[in-house]
Amino acid sequence: MRVVSLVPSLTEAIAVGAPGTLVGATDWCSHPAGLDVTRVGGTKNPDVPRVVALAPDLVVANEEENREPDLAALRAAGIEVLVTEVRTLDQAFRELARVLAACGAERPRWLTEAEAAWREVPRPTARLRAAVPIWRRPWMVLGRDTFAGDLLARLGVDNAYADHTERYPRVPIEELTSADRGLDLVVLPDEPYRFTRDDGPEAFPDTPVALVGGRHLTWYGPSLVEAPAALSGALRAAHPRM
């Protein structure tokens, strides 16, 4: 098999779960470290002729991360495109198994370990209401039907914008910091915007802030094995009720 991945999460999953099959990936595919494949541009603007030139048996994409016109162009060139949809943890496990099977790989041990790790997450004794900014200038947060929101809910953190009509709404900082929102916590991942101790927490002086790894919160792949412990640790460090 010759596979091109247009999704960073799936790039890591394929590289680890189906070694030797990956021949191309986006410029944003940063894991595993030292990945030596042809780079084919961004997730939103892949170099379609370069992908076609790699003569892949399969291109792996995602309905949220990639644009339909690019995928249609690949199909028109005679290339098979597998499009995933991941909005919950259960979906992620199913899609990962489907992608790896399409790549001709057996079910990897890390996928079984990831399922076990999330099954063993203790039932939360308390629930916190949180906002999860993913960008600033302008401020944007997680809204409805997101994979990251599902992970946090399993750990006892309810997304304050889970009922919003948009999946990634723009929200004025004045609204985020208003007492009317009733937030117990603000969760700041380090991607897609790179929030750090010096960039982000200062905007929420009256609310506890949890800095979390974006790969643990938003990636579906081998990182799911360690994600429950990593996320729980960051949440507990930020709020005494966790």
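Any read-out appearing in this document is the output of simple, stated calculations on the displayed coordinates, not a laboratory observation. Remember, predicted model here, so these are calculated numbers, not experimental data. With ideal geometry, Cβ positions are generated from the backbone for all residues, glycine too; neighbour counts draw on all protein chains shown.
Any chance you could tell me what percent of the C-alpha pair distances in region 146-242 go past 18 Å? Working shown, then result.
On the way: 2176 of 4656 pairs.
Value for region 146-242: 47 percent of Cα pairs lie more than 18 Å apart.
Restricting attention to the alpha-carbon atoms of the chain, what are Rg (one decimal) and Dmax (integer), both in Å?
Reported Rg and Dmax, both Å: 18.6, 55.
Relative contact order for region 124-238: what percent, with Cα pairs under 8 Å and sequence separation of 6 or more?
Relative contact order here is 25 percent.
Could you work out the relative contact order of the chain, using alpha carbon pairs under 8 angstrom and six or more residues apart, expressed as a whole percent?
Details: 447 pairs, mean separation 40.8, N = 242.
Relative CO of the chain lands at 17 percent.
Relative to the present Cα-Cα distance, how much length would full extension add between Ala153 and Glu85 at 0.36 nm per residue of separation?
Gain in length upon complete extension: 22.6 nm.
Between the helical axis of 8-17 and the dominant principal axis of the chain, each derived from Cα atoms, what acute angle in degrees is found, rounded to the nearest 10?
That helix lies at roughly 60 degrees to the long axis.
Nearest 5 is fine: what % of DSSP beta bridges in the chain come out antiparallel, could you say?
20 percent
Binning at 10 angstrom from zero up to the longest distance, how are the C-alpha pair distances of region 1-142 distributed in percent?
Cα pair-distance distribution for region 1-142, in percent: 11, 37, 32, 16, 4, 0.
How long is the gain from Ala229 to Lys44 if the chain were fully straight, where each residue apart is worth 0.36 nm and the alpha carbon distance is subtracted?
Length gained between Ala229 and Lys44: 63.4 nm.
Would you list the P(r) distribution for region 81-177, with all Cα-Cα distances sorted into 5 Å bins from 0 and each bin expressed as a whole %?
Percent of Cα pairs in each bin: 3, 12, 18, 18, 16, 13, 11, 7, 2, 1, 0.
At 222 nm, what helix-only mean residue ellipticity would the chain give, in deg cm²/dmol to the nearest 500, using -39500 (n - 2.57) for each DSSP H run of four or more?
-9000 deg cm²/dmol
R0 = 41 Å: FRET efficiency of Ala72 with Asp36, Cβ-based, nearest 0.05?
Calculated transfer efficiency: 0.90.
Between Ala116 and Asp57, what is the FRET efficiency for a Förster distance of 30 Å, r being their Cβ-Cβ separation, to the nearest 0.05?
Working: r = 31 Å, r/R0 = 1.05.
Rounded to the nearest 0.05, the efficiency is 0.45.
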